[in-house]
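Below is one structure, written out as structure tokens, with a few remarks after it.
The values are calculated or read from the model by the stated rules, or taken from the named source; none is laboratory data. All values derive from a computational prediction rather than experimental measurement. As a convention, Cβ positions derive from the backbone with ideal geometry for all residues, glycine included, and neighbour counts pool all protein chains shown.
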Amino acid sequence: MFSTPNSLISYLRGIKSHCPCFLSQEIIVQFRPISSLKVVWRKDYRLDEAIENDKRYKLCARVVKEVLNEPGQVIPLRYLEKRRERLRLNVSVKAFLGFNPGLFDTYYDRIKPKSEPVLFLRASDRLRGFLEEEKRIMMENEELIVSKLCKLLMMSKDKMLSVDKLVHVKRDFGFPNDFLVNLVPKYPEYFQIVGCPGEGKSFLQLVSRNPDFAKSVIERRAEDESISTGIRMRPNFDYKLPPGFILRKEMREWVRDWLELDYISPYEDVSHLAQSSPEMEKRTVGVFHELLSLSLFKRIPVPILGKFGGEYRFSNAFSSVFTRHSGIFYLSLKGGIETAMLREAYEGGQLIDCDPLLEIKNKFVELLEQGWRERAEQRRQQANELRKDMEFMCARAVHLKG
């Protein structure tokens with residue numbers, strides 16, 4: 001019907017002049033660079049719920065980390081109180097301790113030899129038991145951690161990443177706190193640190209490439225399906241829009257054609273590809289898919305991903321990828337922070353396949369829940385005692401009155 005893209009554009013513009021609402025509601029499609037293809041963001045309550053469910057756990061983890069990072073792993077309560085805003089703690093530290101018993105012990109000590117004693121916090125025996133469990137889980141999964149670190153380096157443009165940036169994302173991928181000091185030196189065949197440590201100019205560099213690490217989740221999935229079915233499966237994205245989400249015809253056709261492009265592994269050299277090409281879009285989506293797959297929760301805050309724009313060759317408008325490919329990703333705005341999530345990793349609000357390192361989170365949640373149960377039981381006992389006191393007072397008043 002349309003001999004050229006320009007004739008189709010003219011046709012669409014003609015419709016828009018008679019119907020102003022056309023192309024203004026959900027999707028704007030033009031035969032221009034990929035960045036002009038837009039899909040209106042739509043809330044997914046189930047995936048937002050997955051973030052909300054972890055809110056209390058992450059708050060407790062931040063406070064624990066703050067205390068453990070202090071010299072001697074102790075801190076005056078009043079010092080921690082001053083850091084409430086940075087920790088995003090919306091209650092006093094004393095109230096937090098009351099809500100989450102079992103995390104810390106409190107004791108009095110002097111900040112200076114001649115100063116008055118003040119209240120200090122230190123890790124409880126229960127928390128220290130969890131920290132030993134954390135070490136055990138880390139040791140059992142050391143090969144997984146090494147492979148993740150190698151993969152992050154292999155996807156980068158120069159096969160190296162800033163040490164400071166890696167430290168910033170260690171929790172997202174499940175790296176131990178001391179991975180640069182104790183893990184990296186154990187594997188000189190893979191890693192070396194270059195630059196000037198302590199000046200923000202040190203980098204972790206890949207020494208050698210392990211072919212076993214150079215396969216993405218999507219490629220491994222295609223291989224597994226090929227083996228199980230006996231039919232050679234082509235690597236590609238699992239594209240599934242959420243219920244009720246409908247793309248306009250033009251966008252559906254663009255997505256169909258884009259999915260027909262050959263899959264480009266995030267571990268391939270793409271220096272020959274133009275930044276605005278559909279092929280580069282395919283590779284960029286592949287990198288985001290792999291990064292989210294490697295992360296613990298299959299989700300990463302967008303500002304953290306943005307820190308690696310240069311290393312992974314992301315465009316300045318990279319975050320539009322997550323809404324443009326709504327059948328692959330979800331962009332959550334929960335908590336006022338944009339978070340990129342991998343749709344296929346979730347069933348409703350629950351992770352389908354859990355990273356082995358998530359056992360650490362589960363152990364920590366068990367510790368918290370034990371404290372919460374004890375607090376609930378204590379409150380029940382206090383309520384019962386109050387009720388008995390009130391009954392006694394009422395009975396006594398009746399007796400005296402009689």
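Being surrounded by fewer than 16 Cβ atoms within 10 Å (Cβ to Cβ), outside any helix (DSSP H, G or I) and among the polar types (S, T, N, Q) is a description that does not apply to residue 228. Being over 30 Å from residue 41 (Cα atoms) and among the charged types (D, E, K, R) holds for only one residue in 343, 387, and it is 387. Within segment 58-72, the set of residues being assigned to a helix (DSSP H, G or I) and either exposed (fewer than 14 other Cβ atoms within 10 Å of the Cβ) or among the basic types (Lys, Arg) (or both) comprises 58, 62, 65, 71, 72. Would you confirm whether any residue within segment 306-316 is of a type in the set (Lys, Arg), over 27 Å from residue 168 (Cα atoms) and at pLDDT below 90? Scanning segment 306-316 turns up no residue that is of a type in the set (Lys, Arg), over 27 Å from residue 168 (Cα atoms) and at pLDDT below 90.
Here are some residues: 134, 116. Which one is of a type in the set (D, E, K, R) and part of a helix (DSSP H, G or I)? Of the residues listed, the single one that is of a type in the set (D, E, K, R) and part of a helix (DSSP H, G or I) is 134. One residue is enough: does segment 262-279 have a residue meeting the conditions of a type in the set (Ser, Thr, Tyr), touching an Asp or Glu at 6+ places or on another chain (Cβ under 8 Å) and under 18 Å from residue 155 (Cα atoms)? Scanning segment 262-279 turns up at least one residue that is of a type in the set (Ser, Thr, Tyr), touching an Asp or Glu at 6+ places or on another chain (Cβ under 8 Å) and under 18 Å from residue 155 (Cα atoms).
Being within 30 Å of residue 168 (Cα to Cα) and surrounded by 15 or more Cβ atoms within 10 Å (Cβ to Cβ) is the requirement here; does residue 208 meet it? So residue 208 does not fit the description; no.
Pairing residues of segment 347-363 that are without any contact (Cβ under 8 Å) to a residue 12 or more places away in the chain with residues that are exposed (fewer than 14 other Cβ atoms within 10 Å of the Cβ), at Cβ distances under 9 Å and at least 6 apart in sequence or on separate chains, gives 354/362. A single member of 373, 299 is of a type outside the set (Ser, Thr, Tyr) and more than 30 Å from residue 283 (Cα to Cα), and it is 373. Restricting to segment 139-191, what's the tally of residues that are in a loop (DSSP other than H, G, I, E, B) and of a type outside the set (Phe, Trp, Tyr)? So the count comes out to 12. Criterion applied to 144, 180, 121, 127 was being surrounded by 15 or more Cβ atoms within 10 Å (Cβ to Cβ) and modelled with pLDDT under 95, and the one residue passing it is 180.
When segment 247-261 is filtered for residues that are surrounded by 10 or more Cβ atoms within 10 Å (Cβ to Cβ) and not basic (Lys, Arg), the ones remaining, listed by number, are 247, 250, 251, 253, 254, 255, 257, 258, 259, 261. The numbered conditions (1) free of Cβ contacts under 8 Å to residues at least 12 places away in the same chain; (2) in contact with an Asp or Glu (Cβ under 7 Å, 6 or more places away or on another chain) are all true for residue 181 except (2).
Of the residues examined, residue 76 is not one that is exposed (fewer than 13 other Cβ atoms within 10 Å of the Cβ) and either out of contact with any helix residue (DSSP H, G or I) (no Cβ under 9 Å at 6 or more places or on another chain) or among the polar types (S, T, N, Q) (or both). Of the residues making up segment 262-277, not one is under 24 Å from residue 341 (Cβ atoms) and either exposed (fewer than 14 other Cβ atoms within 10 Å of the Cβ) or among the acidic types (Asp, Glu) (or both). For first residues located in segment 87-107 and at positive phi, partners that are surrounded by 12 or more Cβ atoms within 10 Å (Cβ to Cβ) and small (Gly, Ala, Ser) and lie 6+ apart or on another chain with Cβ distances below 8 Å form the pairs 102/124; 102/371.
Listed by first and then second residue, the pairs with beta-carbon distance under 8 Å, at least 6 apart or on different chains, first residue in segment 43-56 and more than 17 Å from residue 343 (Cβ to Cβ) and not assigned by TED's automatic domain parsing to the domain that holds residue 344, second assigned to a helix (DSSP H, G or I) and hydrophobic (A, V, I, L, M, F, W, C), are 56/368. When only residues in segment 73-90 that are assigned to a helix (DSSP H, G or I) and either among the hydroxyl-bearing types (Ser, Thr, Tyr) or in contact with a strand residue (DSSP E or B) (Cβ under 8 Å, 6 or more places away or on another chain) (or both) count, which is nearest to residue 131 (Cα to Cα)? Restricting to residues being assigned to a helix (DSSP H, G or I) and either among the hydroxyl-bearing types (Ser, Thr, Tyr) or in contact with a strand residue (DSSP E or B) (Cβ under 8 Å, 6 or more places away or on another chain) (or both), the top hit is 73. Exactly one residue out of 98, 14 is surrounded by fewer than 14 Cβ atoms within 10 Å (Cβ to Cβ) and either at pLDDT 90 or above or in contact with a helix residue (DSSP H, G or I) (Cβ under 6 Å, 6 or more places away or on another chain) (or both): that is 98.
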